[in-house]
1. Suppose we filter Asp199, Asp154 for residues that are without any contact (Cβ under 8 Å) to a residue 24 or more places away in the chain and out of contact with any strand residue (DSSP E or B) (no Cβ under 6 Å at 6 or more places or on another chain); which single one remains?
2. Given the residues Gly27, Gly9, Gly15, which is the only one that is open to solvent by 30 Å² or more (accessible area, probe 1.4 Å), at pLDDT below 50 and assigned to a loop (DSSP other than H, G, I, E, B)?
3. Filter segment 177-188 down to the residues that are over 21 Å from the mean Cα position of the chain (by Cα) and crowded, with 20+ Cβ neighbours inside 10 Å, then identify the one that is nearest to Glu207 (Cα to Cα).
4. Taking the options Gly160, Gly172, Gly200, Gly186, name whichever one is farther than 23 Å from Met261 by Cβ and outside the structural domain of Ala74 (by the TED database).
5. Pick from Ala258, Ala266: which is over 15 Å from Tyr109 (Cα atoms), in the same structural domain as Glu319 (by the TED database), of a type in the set (A, V, I, L, M) and open to solvent by less than 10 Å² (accessible area, probe 1.4 Å)?
6. Would you confirm, using the coordinates I've provided, whether Glu163 is open to solvent by 50 Å² or more (accessible area, probe 1.4 Å) and touching a Lys or Arg at 6+ places or on another chain (Cβ under 9 Å)?
7. Inspect all residues belonging to segment 87-99 and state whether any of them is of a type in the set (Val, Ile, Thr), buried (at least 21 other Cβ atoms within 10 Å of the Cβ) and in contact with a strand residue (DSSP E or B) (Cβ under 6 Å, 6 or more places away or on another chain).
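The values are calculated or read from the model by the stated rules, or taken from the named source; none is laboratory data. Quick caveat, the model's predicted, so the values are computed rather than measured. Don't worry about glycine lacking a Cβ; one is built from the backbone with ideal geometry, like all the others, and counts go over all protein chains shown. Calculation scope for accessible area: heavy atoms of the full protein, side chains included, ligands and nucleic acids excluded. Shrake-Rupley method; radii C 1.70, N 1.55, O 1.52, S 1.80 Å.
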Amino acid sequence: MERRQFLRGTGAAIGGSLLAGCAGNGGGSGTVTVDYAYYNPVSLVLREKGWLEETFADAGTDVEWVLSLGSNQANEYAQSGEADVSSTAGIAALMARTNGVPITTPYIYSEPEWTALVTFAETGIESVEDLEGKSVAATRGTDPYFFLLQALDDAGLSEGDVEVVNLQHPEGQSALVRGEVDAWAGLDPHMAELELEHDGAELFFREPRYNTYGFLNFLDGFLADRPEDARRVIEAYERGREWAVENPEETAGILADASEMSEPVAERVFTQRNDLSRPIPGDPHRELLSNLSPILESEGLVTEDADPAGRVDELIDSEFASEVV
């Protein structure tokens, strides 16, 4: 796929960033639009409990929820200005910021191990090296896609050595089950469902440090024009995060209900693969994204004159949420 087509597909094209900048109020001061995602358990807690609506009740502000099925879709909401607040992986947020989408990350909603490379035993794939010449489902512009690129690089391969089949996460899972692809760059909770409920499914490559955190991104215009509303969002997230940490089984139940997956799947995702203990972005996040920024350039995911490493400090704001957390 040509870079220009890819950037349009992931919501990161510079041409669209102007629209996002103009639409920064996300529908006006009477509404705040926030995404929820199955890969962001705290967002599901907030939506279930109504705590975001409660936080805004005295301000007379309505809350609108939109579903993000992946970081690519969340970035599309940011690019178009459809959402004031959206949930992505860290590297996806940096890609969007570098390509002109005006977002800032003042809050980390999770430190997850939410992605791995998955196959079935009958494929004979046992290592990343075995992927050469094989087809791999992945959602471009998301953490599983970047996880795949890092894994290939470690094995002395590149994207050109495999056939990447661009499918949204649930469709990638289905394609692997049907045998339409040889492997899948998976994402929880779909990955945990496959692991627990389909015989022969194997997570054949795992590397926690290749997961790039859960970034809660705010439109720059929303932060600048409505800082009190932005603080209310973070206050609600803190309430949800603290409750989730104290009530892991109930949180897993909310995840199971929202994603229509089983309790064991939700429990594995939330209790074994999510760490909510460090919500303030800081130096570890800056270092990780700086180290990964060359991938954005080498794979043609940013414009030729872009400087993703130079955008890391623009993206990460360690101060805004510190007044609340």
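1. When all the criteria are applied, what remains is Asp199.
2. Values: Gly9 fails: assigned to a loop (DSSP other than H, G, I, E, B); Gly15 fails: assigned to a loop (DSSP other than H, G, I, E, B).
Going through Gly27, Gly9, Gly15 in turn, the sole match is Gly27.
3. Among those residues, the one meeting the criterion is Asp182.
4. Matching residue, one of Gly160, Gly172, Gly200, Gly186: Gly160.
5. Numbers: Ala258 fails: open to solvent by less than 10 Å² (accessible area, probe 1.4 Å).
Unique residue meeting the criteria: Ala266.
6. Considered against the rule, which asks whether it is open to solvent by 50 Å² or more (accessible area, probe 1.4 Å) and touching a Lys or Arg at 6+ places or on another chain (Cβ under 9 Å), Glu163 comes out as yes.
7. Yes, some residue in segment 87-99 is of a type in the set (Val, Ile, Thr), buried (at least 21 other Cβ atoms within 10 Å of the Cβ) and in contact with a strand residue (DSSP E or B) (Cβ under 6 Å, 6 or more places away or on another chain).
Per-residue answers, yes or no, for (1) assigned to a helix (DSSP H, G or I); (2) surrounded by fewer than 20 Cβ atoms within 10 Å (Cβ to Cβ); (3) out of contact with any Pro (no Cβ under 8 Å at 6 or more places or on another chain):
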position: Phe270; (1), (2), (3): yes, no, no
position: Ser277; (1), (2), (3): no, yes, yes
position: Ile280; (1), (2), (3): no, yes, yes
position: Glu287; (1), (2), (3): yes, yes, yes
position: Leu292; (1), (2), (3): yes, no, yes
position: Thr303; (1), (2), (3): no, yes, yes
